[in-house]
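Remarks on the structure that follows.
Read-outs: derived from the displayed coordinates by stated rules, not from any lab. Only a predicted model underlies this, so the values are computations on that prediction, with no experimental measurement involved. All Cβ positions, glycine included, derive from the backbone under ideal geometry; neighbour counts span all protein chains shown.
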Amino acid sequence: MGAPVPAHVQEGPEVFAAEQERIFENMWFCAVRSSDLALAGKFKKVQVGRESVL
């Protein structure tokens, strides 16, 4: 195995902001399961990164 990645590379507000933008704001993902929405027409508000989605 290679050397571990230094902590300063993995942490900090700049890294967090970049991950928010590159991961959560540019990809599809499952916000809720259909079983969480028992009735037709129901919705759920979910915070994903810096955005709130329905």
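I'd like the residue in region 9-26 that is assigned to a loop (DSSP other than H, G, I, E, B) and within 16 Å of the chain's Cα centre (by Cα) and, out of all such residues, is surrounded by the fewest Cβ atoms within 10 Å (Cβ to Cβ). So the residue we want is Asn26.
Between Glu14, Glu25, Glu51, Glu19, which is without any contact (Cβ under 8 Å) to a residue 40 or more places away in the chain and touching a Gly at 6+ places or on another chain (Cβ under 8 Å)? Within the list Glu14, Glu25, Glu51, Glu19, the selection yields Glu25. Look at Phe29 and say whether it is in a loop (DSSP other than H, G, I, E, B) and either hydroxyl-bearing (Ser, Thr, Tyr) or in contact with a strand residue (DSSP E or B) (Cβ under 9 Å, 6 or more places away or on another chain) (or both). Criteria met by Phe29.
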